[in-house]
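The values are calculated or read from the model by the stated rules, or taken from the named source; none is laboratory data. These numbers come from a predicted model, not from an experiment. Each accessible area value is taken on the protein alone, full model and side chains, heavy atoms only, with ligands, DNA and RNA left out. Shrake-Rupley method; radii C 1.70, N 1.55, O 1.52, S 1.80 Å.
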Amino acid sequence: MVVDDHPMWREGVARDLTEAGYEVVATSGEGRQAVRVAPAARPDVVVLDLQLPDVSGVDVIRGLRAVLPTVRVLMLSASGEPQRVLDAVKAGATGYLVKSAAPAEFLDAVRRTAAGEPVFTPGLAGLVLGEYRRLAAGPATPDDAAPRLTERETEVLRLVAKGLSYKQIAERLGLSHRTVQNHVQNTLGKLQLHNRVELTRYAIERGLDD
């Protein structure tokens with residue numbers, strides 16, 4: 001689903017997605033309308049503008065997550081202002097891309113968002129990781145209480161925390177894409193986490209991204 005109040009931009013994004021093989025199940029120019037139609041349209045990914053005429057994009061994220069808990073949201077914004085990025089991520093956005101991104105970069109971001117990978121415009125990833133570290137400054141779980149991961153699972157987890165895609169991890173470690181996916185799924189199960197965003201947060205809290 002594409003949500004943007006500029007008709008030409010909204011239609012252009014929808015067209016690019018359709019031509020790339022995605023099914024655009026709905027478009028909207030208003031945040032409240034997007035939240036209303038989402039349960040019936042059931043999008044896997046919402047491409048959402050931060051600035052909307054009726055409510056903020058952050059409020060729309062919260063509304064979408066309330067009616068579709070598994071939906072993944074890719075923010076598209078003209079602004080890369082740090083506080084707005086952090087507000088969007090805290091509300092539940094999977095990724096944040098500025099509108100100056102090239103079409104190929106945008107389509108890659110949609111693909112990665114659909115796969116549950118956190119995606120950020122270059123330069124913003126470090127900002128988000130730093131905020132996760134700040135939020136994690138409280139008492140940590142004792143090491144002896146943490147689930148035991150294998151050496152390979154820890155290695156993969158460390159690269160996930162650095163923001164590498166599964167393909168990049170596979171190439172770096174000399175593994176197949178499937179093997180990397182299996183390691184991530186096993187790690188999610190051991191840690192009782194649900195997706196790659198939560199896994200990244202877990203790794204950062206334990207300093208594995210250094």
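Figures for the structure shown
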| item | result |
| --- | --- |
| Per residue accessible area in Å² of the chain, where ligands, DNA and RNA are left out and the probe is 1.4 Å | 51 Å² |
| Relative contact order for the chain, counting Cα pairs under 8 Å that sit 6 or more residues apart, in percent | 14 percent |
| Equivalent ellipsoid dimensions for region 1-117 as semi-axes, Å, which come from the Cα gyration tensor, largest first | 18, 16, 14 |
| For region 33-49, 3J(HN,Hα) per residue [Karplus equation, 6.51 cos²θ - 1.76 cosθ + 1.60, θ = phi - 60°, Hz, x = Gly/Pro] | 5, 4, 5, 5, 7, 4, x, 7, 6, 6, x, 7, 10, 10, 8, 10, 6 |
| MRE, 222 nm, helices only [DSSP H, n ≥ 4, -39500 (n - 2.57), over the chain, to nearest 500] | -16000 deg cm²/dmol |
| Cut-off under 5 Å, modelled amide H: who pairs with residue 119 long-range | 95, 96 |
| Square roots of five times the Cα gyration tensor eigenvalues for the chain, Å | 31, 19, 16 |
| Extension reserve of the residue 6-residue 54 stretch, reckoned as 0.36 nm per residue once the Cα distance is removed | 16.0 nm |
| Heavy-atom accessible surface of the chain: percent carbon and sulfur, 1.4 Å | 50 percent |
